[in-house]
Amino acid sequence: MDGNGRWAERRCLPRAAGHSRGAEAVRRVVEQAPGLGITTLTMYAFSSDNWSRPRAEVDALMALFRHTLHAEAVRCIREGVRLTVIGRRDRLGGALLRSIDDTEVATQEGARLHLRLAVDYSGRHSISSGEVGPDVDLLVRTGGEQRLSDFLLWESAYAEILFEPRLWPDYTGADLARAVAWFRARNRKFGGLGQYRITNEKAGNVPHVRGDRWLR
């Protein structure tokens, strides 16, 4: 979910305002994702390197995480969204840990979409600790940067990567739909000769997209 701070600075607003608007973009994308055939959605909320940011910004982000978990838990249950958090937990505050635990338990029956929030996450650390997840199909980075920044390094070995110039707070469901359409048009070879196709129009299938978003 990259670009929150720049979005705010361009409007002469505090960076925290950009993070708050970014949370609204999360809601838009989560609402749109199941209808596009997405079953697992991973969002890069806070990297392990983000601890180096000013203390005030880090505190504001942690408070926003707690508020969002409380505010969205009921919506997730209603919409069939299972929410889990990946990343280290030994450096998170007790209040946030309780919010994470409560939300994961409350939403564990969600079957329409598995929403994974990466908090205090490092791809290198996940590899060294043996905590890797399912393969990523589509990885989207917003904000115009063109690097992985230590996100899902193992899982993205054969991911289709789309670099999106739009800043995260401006990202919409329509942007997500365009990204999925781009993904469907790709010819994924997996080291072979490109015989595997994403789309299956004859069967009327919607492609299964796992781990298909990098939203930092």
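The values are calculated or read from the model by the stated rules, or taken from the named source; none is laboratory data. This one's a predicted model, so the numbers in the text were calculated from it and none came from an experiment. Cβ atoms come from the backbone with ideal geometry, glycine included; neighbour counts cover every protein chain shown.
Against the definition (more than 16 Å from Arg28 (Cα to Cα), surrounded by 15 or more Cβ atoms within 10 Å (Cβ to Cβ) and not aliphatic (A, V, I, L, M)), how does Gly110 come out, yes or no? Here the answer is yes, as Gly110 does meet what is asked. Restricting the range 42-56 to residues that are in a helix (DSSP H, G or I) and either modelled with pLDDT under 95 or of a type in the set (A, V, I, L, M, F, W, C) (or both), the residue that is nearest to the chain's Cα centre (by Cα) is Trp51.
If we scan the range 66-77, do we find a residue that is of a type in the set (A, V, I, L, M, F, W, C), under 22 Å from Leu152 (Cβ atoms), surrounded by fewer than 20 Cβ atoms within 10 Å (Cβ to Cβ) and at pLDDT 95 or above? Scanning the range 66-77 turns up no residue that is of a type in the set (A, V, I, L, M, F, W, C), under 22 Å from Leu152 (Cβ atoms), surrounded by fewer than 20 Cβ atoms within 10 Å (Cβ to Cβ) and at pLDDT 95 or above.
For the range 150-172, taking the residues that are out of contact with any Phe, Trp or Tyr (no Cβ under 8 Å at 6 or more places or on another chain) and under 23 Å from Arg10 (Cβ atoms), the one that is surrounded by the fewest Cβ atoms within 10 Å (Cβ to Cβ) is identified as Pro165. Of Arg27, Arg21, all but one fail to be surrounded by 15 or more Cβ atoms within 10 Å (Cβ to Cβ) and among the basic types (Lys, Arg); the exception is Arg21.
Matching residues to (1) within 20 Å of Trp168 (Cα to Cα); (2) in contact (Cβ under 8 Å) with a residue 40 or more places away in the chain; (3) touching a His at 6+ places or on another chain (Cβ under 9 Å); (4) not in a loop (DSSP other than H, G, I, E, B):
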| position | (1), (2), (3), (4) |
| --- | --- |
| Glu31 | yes, yes, no, yes |
| Gly35 | no, no, no, yes |
| Leu61 | yes, yes, yes, yes |
| Val74 | no, no, no, yes |
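Selection over the range 143-167 of residues that are within 16 Å of Gly123 (Cβ to Cβ) and more than 15 Å from the chain's Cα centre (by Cα) gives a count of 5.
Listed by first and then second residue, the pairs linking a residue in the range 90-116 that is among the basic types (Lys, Arg) to a residue that is surrounded by fewer than 13 Cβ atoms within 10 Å (Cβ to Cβ), with Cβ atoms under 9 Å apart and 6 or more places separating them unless they lie on different chains, are Arg91/Trp51. Considering each residue of the range 7-20 in turn, none proves to be outside any helix (DSSP H, G or I), under 22 Å from Tyr171 (Cβ atoms) and in contact with an Asp or Glu (Cβ under 7 Å, 6 or more places away or on another chain). Cβ-Cβ contacts under 7 Å between residues 6 or more apart (or on different chains), taken from a first residue in the range 141-153 that is more than 8 Å from Pro165 (Cα to Cα) to a second residue that is assigned to a loop (DSSP other than H, G, I, E, B) and of a type in the set (Asp, Glu), are listed as Arg141/Asp2; Arg141/Glu164. For the range 100-151, a tally of residues being out of contact with any strand residue (DSSP E or B) (no Cβ under 9 Å at 6 or more places or on another chain), assigned to a helix (DSSP H, G or I) and of a type in the set (Ser, Thr, Tyr) returns 1. Taking the condition over 25 Å from Ile161 (Cβ atoms), in a loop (DSSP other than H, G, I, E, B), modelled with pLDDT of 95 or more and in contact with a strand residue (DSSP E or B) (Cβ under 6 Å, 6 or more places away or on another chain), does Arg91 pass? Answer is yes for this residue.
Just one residue in the set Gly87, Gly133, Gly144, Gly93 is within 22 Å of Pro34 (Cα to Cα) and small (Gly, Ala, Ser); that residue is Gly133.
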